[in-house]
Amino acid sequence: MAARSDAGRFPGPPGEKEEAAEAAAAEAGDLRSVLVTSVLNLEPLDLDLFRGRHYWVPVSQRLFGGQIVGQALVAAAKAVGEELQVHSLHCYFVRAGDPSVPVLYQVERTRTGHSFSVRSVKAIQHGKPIFICQASFQEVQASPVQHQFHMPDVPLPEELQTQEELIQQYLQDPNLMERYRRGLNRMLAQEVPIEMKPVNPPDFFHKIPQEAKQLFWVRARGHIGDCDMKLHCCVAAYISDYAFLGTALLPHHHRHCVRFMVSLDHSMWFHAPFRADHWMLYECESPWAGGSRGLVHGRLWRRDGVLAVSCAQEGVIRVQDPPPASKL
């Protein structure tokens, strides 16, 4: 680990393409991120009671966990003063979300202290909690005690292909199995409000065992801009759950087919200011899997090398042996 004198400062300058995109977004309101205008824009119903609607639903037809985490953090942030910033959240997914109805978010002002305040959030559908969360907020405080890991040395996002470009490349393969082709076309048809550029794209289609680690550059689609840091944290909460738990499957794709995979709990720690609409490197690794569960750790790095966010998640993973090759 190495100390950094810049940890905690506002993000360094974006790349040239990000600057151009930012200038264009300033002139066109329709480029504003849908994560801000829709997904994380909760409807107030009463004091500390909000309603959230859905934008993107995965092919599993369950609510996307990142959406629930992000919306819950929005609700919690509305119950604290502007001078406070979120530093951590810990949550459990207790029931499957129903994409056909909105989610109600009920906030409890658990504790308001001098430096730290805690807000508890319950997400409700059909009269029952589907998710519970506690978020802790802190007044910004300087400290001489600072250190962090080193950011991995990887190609810059401008040098890599987007997830959509990689999928198009896979689809060019005449030997690609038809079931994979259908799955890839379904992925292309989805309007995910996140841009992603894998550094080490998993080779799912040749069933080669891989290290339980993946890296990809990620950012929100569209423009968010300079605003309350809590909003960027809410967007990062949404982003953090995307493709996260799948890291635990990378060593096992050649032996098993996924029958059921769902998040159980999710935790985040926010270390330094960042822009969720600027490229950040998401470093994901799975140190353990067993007992029909998988554990993953994640780190979101600003492109200037500052560690902005740490994450952890455990999920249920149930698999079955793949069918014989002749039946694929």
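The values are calculated or read from the model by the stated rules, or taken from the named source; none is laboratory data. Everything numeric here is computed off the predicted structure, so don't read it as measured data. Ideal geometry is used to build each Cβ from the backbone, glycine not excepted, and the neighbour counts take in all protein chains shown. All accessible areas refer to the heavy atoms of the entire protein, side chains included, with ligands and DNA or RNA removed. Shrake-Rupley method; radii C 1.70, N 1.55, O 1.52, S 1.80 Å.
If you take the Cα centroid of the range 78-137 and the Cα centroid of the range 157-191, the two points sit 36 Å apart.
With q set to 0.27 Å⁻¹, the log10 of I(q)/I(0) for the range 64-124, from the Debye formula over equal scatterers at the Cα positions, is -1.26. Size estimate for the chain follows the Kirkwood approach: the inverse of mean 1/r over distinct Cα pairs works out to 20.8 Å. For residue 264, nonlocal amide neighbours, meaning residues 5 or more places apart or on other chains whose placed amide H falls under 5 Å from its own, are 314, 315, 316.
Each part gets one Cα centre, and for the range 279-299 versus the range 46-74 those centres are 22 Å apart. Solvent-accessible surface of the chain, averaged per residue with a 1.4 angstrom probe and all protein chains in place: 50 square angstrom.
Shown for the chain: cysteine residues without a partner Cβ closer than 4.7 Å, namely 227, 233, 234, 257, 284, 311. Within the chain, the longest run free of exposed loop sites, counting GluC sites (Glu not before Pro) that sit outside DSSP helix and strand states (H, G, I, E, B) and have at most 14 other Cβ atoms within 10 Å, spans 212-328. Annotation for residue 264 and residue 164: the two label points, set 7 Å from Cα along the Cα-Cβ direction, are 3.7 nm apart.
Between residue 179 and residue 304, residue separation times 0.36 nm minus the direct Cα-Cα distance comes to 41.0 nm. Diffusion coefficient of the range 101-211 by Stokes-Einstein, Kirkwood radius over Cα pairs, 4 °C, 1.567 mPa s: 66 µm²/s.
Pick from 225, 66, 294 the residue whose mean-square fluctuation is largest in a GNM of the chain, springs joining Cα atoms under 10 Å. Judging by the Gaussian network model, the answer is 225. Residues of the range 243-284 falling in the label zone of residue 45, defined by backbone nitrogen less than 13 Å from a point 7 Å along Cα to beta-carbon, are absent. Lysine pairs in the chain with Cα distance under 17 Å, only those 8 or more apart or on different chains: how many are there? Eligible lysine pairs with Cα atoms under 17 Å apart amount to 5.
First measure r as the distance between the Cβ atoms of residue 53 and residue 109, then evaluate 1/(1 + (r/R0)^6) with R0 = 25 Å and state the FRET efficiency to the nearest 0.05. Here the calculated transfer efficiency is 0.55. The apolar share of the surface of the chain, taken as the fraction of accessible area on carbon and sulfur atoms (1.4 Å probe, ligands and nucleic acids excluded), comes to 52 percent.
Eigen-decomposition of the gyration tensor built on the alpha-carbon atoms of the range 264-323 gives equivalent ellipsoid semi-axes of 29, 12, 9 angstrom, largest listed first. Cut-off 10 angstrom, C-alpha nodes, Gaussian network model of the chain. Which of 162, 247, 112 fluctuates the most? Of the options given, 112 has the highest mean-square fluctuation. From its DSSP helices (H runs of at least four residues, each -39,500 (n - 2.57)), the chain gives a residue-normalised ellipticity at 222 nm of -5500 deg cm²/dmol.
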